[in-house]
Structures are given as structure tokens and as C-alpha cells.
Ligand SMILES: Nc1nc2c(ncn2[C@@H]2O[C@H](COP(=O)(O)OP(=O)(O)OP(=O)(O)O)[C@@H](O)[C@H]2O)c(=O)[nH]1
Ligand SMILES: [Mg+2]
């Protein structure tokens, strides 16, 4: 018995490394079993955090690469002591290229300075320098660039659009380049040219087919949440939404309509009151608008007049853009009280040709009618575009 136990102990002693290994494995596996489950997916961010991260204009400096210098050299080898000029040309400097990428949503991650690589200098033995690598910088779709003088230089409207922001300098010529019939041993070589250096102001304007416009608390975010998978915050207080949100409305025929929830507009927004001009510019690119009015407010008609006035004061053409008018919160008794007056005023102002959709966004009442109307406006927009020679509709 003693012997057996001794043998077991000696076995453990001899195989001490085995033993430790087993112990280690055990301890590791137990460690894993105690570890918390890793939660994957996007971390939840509050509206404030999202708003802090949402940057829609930025100053960006770009420096293209300098061209490599040409080389002046002469071949000297054992059997060819007078081998002649063999200086190669320098490589071209790299360009800085801006590319539109639909996966980017904000200018937050962009750095204020981008620089492309310089070209490599030419060498002896007629070696040409390598071209500098281009620098590709990704921007969200809908970004446009202004020069220092304020003029718009370029507009990235669809995924994959590119624009060369700064051209690299040309490489210099080596002395081999200057060989002619009369000048067989030139010493001349030229330096590489400097690359462009430019400053741009990048501005992002949300691209969507439809823009939701309304006073704070009108129910814009509630409606976007019910129509699409976007998740803007909803709250019973003003200015809950602090940055634009875009959601996609899907149809059975695979048509996708992008709807943007723009933070609430109040009187004087065009003079930068409320959240002001910052978000009015996001409306500019929407193909049509959805005016959402809270019918439970004491004077919803006045709200509509104010919204239309703010748009036209900001930019005249905006008030002429096709618009859907929606009277919201019809489930509330106050809204029902105001309904008759509002519809009468609406008919007097717009006549019979403009349609008013009566809705309760929270309870989904009359939602189908609104979806049909949005689809009708989208189809009309495509038809008008095609008449003007634009063949492909904006895609998401
Ligand atoms: N009764 C009722 N309440 C609604 C309806 N739609 C929205 N609400 C409520 O109105 C409040 C404001 O809704 P939001 O969707 O945050 O309004 P908003 O227009 O996005 O507001 P801002 O982000 O501040 O511009 C919330 O408490 C909603 O629950 C509706 O159809 N009926
Ligand atoms: Mg909102």
C-alpha cells in the first residue's frame, strides 16, 4: 500500500510538469467559466453623446507629396570608364484624394491635416524614383467642400465619388533625360516640384429623400421610429433630438426611401435661434418635406405659417419644394377640438389640391395613408428628375 502510494507520489514527482500543466489548464478553464458574457454590437449612446460626436463642418488642410529630385550621375565601370550620363528621374508626389463613403456618418473622425507621400529621388544606373503613394481620405456622402474664399469646389453626392483635393508635384528629370545629339554629357538635372497645399472647409448636409419638419415636440422622432428602424430619442420636452437622424422606409418592391428627422425648428431659426441654422442646412438636400404639426397645440395653423416662413427666409427655393402636410396627435381630445378650424384654414390657403394627412404617430392611426403619400411624392420626384435628364434616382 505504502509502495503504491509512494509510486503514485513519485509518478506525480516525475511528471511534475504534467501535473502543473493539468492544474494550469484547470485554473484557466475555471477562469473562463467565471468570465462575464461578452456583449457584442454597438454600444448604446444617449442623444447627447450622439450630438457631441456629430460634427458637420471641419477645416481640413491637405498637402500633396513633393516630386522626387532628378539625379545627375555618370556611369563609371571597370570596362566602361566613360559610360555616359545615367541619372534617373524622380518619382511624382502622391495626390490627396477625397472619397465619399456611405459607411461614414459624421466628420468627427477626420483629422485636420492630411499629407500624401513624397516621390523618391532618381538614382544612378538610370534608376527612376518611385511615385509617392496617394492619400485617400473618406468622407460621408453629402459632404461638400468650400475653398477659403467660400466658393464650393466639389460635392460628394454618392458612394464612391472621388475628387483630387491636392495634386502631387512632378518628379524632377535626371541628367540622362537631357542627352541630345549635340549635348551628349549633360550635367543638368531638375528638382522635383512641390505638391499642392490647400485648405478646405468640409460641410456635411444630410442626404435624404424626405425631411421631417416641425416644431419641437411635434412627434417627428416618434414618427421616424414607427416608419423606420432609426432610433432617435423621444421625450416629452423640447429639443429632445439634437442631431439629424436618417431612417429608411422599405417597400415590397425593394424601393427604399430615406427620411431625415431634423431637430425642431422654432421662430427665428433662420437667425440662429433655437438650434437654428446648424440644422436648417440639413434640410436643403431633401427632395421633399413632411411638415408635421402638433394639432393639440393652441394654434397649430400659426406653427405651420412660422415653419414655412423660416424656410423661405433661410432660402427662398425651400418653401417651393414639394411638401406633405401632416396633422399629428389626433388621438388627443385637444387635437380633435382644433381639427375643424385647422382643416378650414388649410383649405382656404391651399385649396383642394394640397392634401392634409390626419395622423396619430404614437398609435399608428392612419399611417398607411401617410406611407402611400410618401411613396407618391417619391415617384413624382423620380418622374420629374427623369424629365430633366437625370436617369438614376438617389440610392441608399
Ligand atoms: N398622444 C400622442 N403623443 C405623441 C404622438 N406623437 C408623439 N407624441 C409624444 O410627443 C412627445 C414628443 O415626441 P417626439 O417624437 O420626441 O417629438 P419631436 O418632434 O421629435 O421633438 P424634438 O426632438 O424636441 O424636436 C413624446 O412624449 C411623444 O410620446 C401622438 O401621435 N399622440
Ligand atoms: Mg425628436
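Can you confirm whether residue 172 is buried (at least 22 other Cβ atoms within 10 Å of the Cβ) and under 33 Å from the mean Cα position of the chain (by Cα)?
no
Within the group 382, 324, which residue is assigned to a helix (DSSP H, G or I) and surrounded by 13 or more Cβ atoms within 10 Å (Cβ to Cβ)?
Checking each option against the conditions leaves just 382.
Take the residues in region 120-151 that are out of contact with any strand residue (DSSP E or B) (no Cβ under 7 Å at 6 or more places or on another chain) and more than 30 Å from residue 71 (Cα to Cα); name whichever of them is modelled with the lowest pLDDT.
Ranking the qualifying residues of region 120-151, first place goes to 150.
So if I check each of 154, 162, which one is modelled with pLDDT of 90 or more, within 24 Å of residue 103 (Cα to Cα) and in contact with a strand residue (DSSP E or B) (Cβ under 9 Å, 6 or more places away or on another chain)?
Residue meeting the stated conditions: 162.
All but one of (1) out of contact with any helix residue (DSSP H, G or I) (no Cβ under 8 Å at 6 or more places or on another chain); (2) over 30 Å from residue 259 (Cβ atoms) hold for residue 189; which doesn't?
(1)
So residue 229 clears everything in (1) within 12 Å of ligand 2 (Cβ to nearest atom); (2) within 22 Å of the chain's Cα centre (by Cα); (3) surrounded by fewer than 17 Cβ atoms within 10 Å (Cβ to Cβ) except one condition, right? Which one?
The number of the failed condition is (1).
Give me the strands (runs of 3 or more DSSP E) completely within region 178-268, filtered to those with at least 3 residues that are in contact with a strand residue (DSSP E or B) (Cβ under 7 Å, 6 or more places away or on another chain), without any contact (Cβ under 8 Å) to a residue 12 or more places away in the chain and not assigned by TED's automatic domain parsing to the domain that holds residue 120, ordered by residue number.
By residue number, no strands (runs of 3 or more DSSP E) qualify.
The values are calculated or read from the model by the stated rules, or taken from the named source; none is laboratory data. Predicted model only: the values in this text are computed from it and were never measured. Heads up, the Cβs are rebuilt from the backbone with ideal geometry, glycines too, and the neighbour counts pull from every protein chain shown.
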